[in-house]
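The block underneath contains the structure these notes are about, expressed in structure tokens.
The values are calculated or read from the model by the stated rules, or taken from the named source; none is laboratory data. Values in this document were obtained by computation on a predicted structure and should not be read as measured data. Every residue, glycine among them, receives a Cβ derived from its backbone with ideal geometry; neighbour counts consider all protein chains shown.
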Amino acid sequence: MAQTPDLGLPAVLLAGGRPDDKVAASQGKSVKALAELNGRPIVSYVVEALEGAGVRPIWVATSVAAATDMHAAIADGAQILATAEPNFTDTLLLGLTAVGDVPAVLLCTADLPLLTPEAVTDFVDRARATGAEVVYSAVALDDLKPPYDSAVRVKVKLREGPMSGGNIVLAKPSALRHAIEVVQKAFAGRKSPLALARLFGPMFIVRYMTGTLDIPRLRERGRAILGCGVDVVISHYPEVCFDIDNPEHLDVAQAVLAQRGHAPQ
């Protein structure tokens, strides 16, 4: 029997949201992470990928309304954290409080059903190698072939080539707590390149518009804004940015899972 790896790294899955989310509403669920795919909640696929990579322990931060169903969805695979205000900031802070003062935590949205252990391990190993305290993920558009490209909403043109932002982050919890207001603004503007450029400053708007923005400048400005080392890992695994944003994405994910041999339950 193969031994389960151990990355020595905890994770927090951000599974907040509201019942009026398009995906949640399409199935009458309290949060999107509980929407079913092949008879299983989306969040269960993410927990499975993290467990397969040796990430433990795993916390899932969600709403009070979803807590009971979330327990049933993931059985013993993770610990549930619940908040009455399941927005991004509250679920993030809830998770950071739970992990405590650890060197690093893996943050991941709970709507990545195509995530694989290999994609997680690759990102974590390369993120750790940067030595930065906050490491974001991205995928080059060249690696976003059909059907993964159907979920791409934001294309950021960098000197290194066009990219789409990923949904997993390796970070030092204390660094995020210290810069929570900036982190919140970055999350709110994550689907708008211009919003992110405004956050980074006027010269970044010019560089973004002229196609001269590059990763070294992002590192430098990120350090200035967050007060810590910031970096980005360009993953070759498109599943790190394939999140479920509308009901049609469930159909795409189901087709990919079928190709991988996942039968409906």
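Residues of region 27-43 that are on the phi < 0 side of the Ramachandran plot and surrounded by fewer than 20 Cβ atoms within 10 Å (Cβ to Cβ): Gln27, Glu36, Arg40.
When the test is whether a residue is crowded, with 16+ Cβ neighbours inside 10 Å and modelled with pLDDT under 90, Pro147 passes it. If you go through region 16-50 and keep only what is at pLDDT below 95 and under 19 Å from Val169 (Cβ atoms), you end up with Gly16, Gly17. Tell me, yes or no, whether region 85-95 has at least one residue that is in contact with a helix residue (DSSP H, G or I) (Cβ under 6 Å, 6 or more places away or on another chain), outside any strand (DSSP E or B), modelled with pLDDT under 95 and over 20 Å from Ala151 (Cα atoms). Within region 85-95, one or more residues are in contact with a helix residue (DSSP H, G or I) (Cβ under 6 Å, 6 or more places away or on another chain), outside any strand (DSSP E or B), modelled with pLDDT under 95 and over 20 Å from Ala151 (Cα atoms). When you look at Val99, is it hydrophobic (A, V, I, L, M, F, W, C), over 18 Å from Gln184 (Cβ atoms), in contact with a strand residue (DSSP E or B) (Cβ under 6 Å, 6 or more places away or on another chain) and surrounded by fewer than 23 Cβ atoms within 10 Å (Cβ to Cβ), yes or no? The answer is yes for Val99. Checking each residue of region 53-62 against the condition of being surrounded by 15 or more Cβ atoms within 10 Å (Cβ to Cβ), touching a helix residue (DSSP H, G or I) at 6+ places or on another chain (Cβ under 9 Å), among the hydroxyl-bearing types (Ser, Thr, Tyr) and not in a strand (DSSP E or B) gives no match. Within region 63-74, not a single residue is under 15 Å from the mean Cα position of the chain (by Cα) and not in a helix (DSSP H, G or I). Residues in region 8-26 that are touching a residue at least 60 places away in the same chain (Cβ under 8 Å) and surrounded by fewer than 18 Cβ atoms within 10 Å (Cβ to Cβ): Arg18, Lys22, Ser26. Looking across region 75-96 at every residue that is among the acidic types (Asp, Glu) and more than 18 Å from the chain's Cα centre (by Cα), the one that is surrounded by the fewest Cβ atoms within 10 Å (Cβ to Cβ) is identified as Asp76. So for region 116-128 (the condition being part of a loop (DSSP other than H, G, I, E, B) and at pLDDT 95 or above), does at least one residue qualify? Among the residues of region 116-128, at least one is part of a loop (DSSP other than H, G, I, E, B) and at pLDDT 95 or above, which makes the answer yes. Glu118 passes every criterion in (1) under 16 Å from the mean Cα position of the chain (by Cα); (2) surrounded by 16 or more Cβ atoms within 10 Å (Cβ to Cβ) apart from (2).
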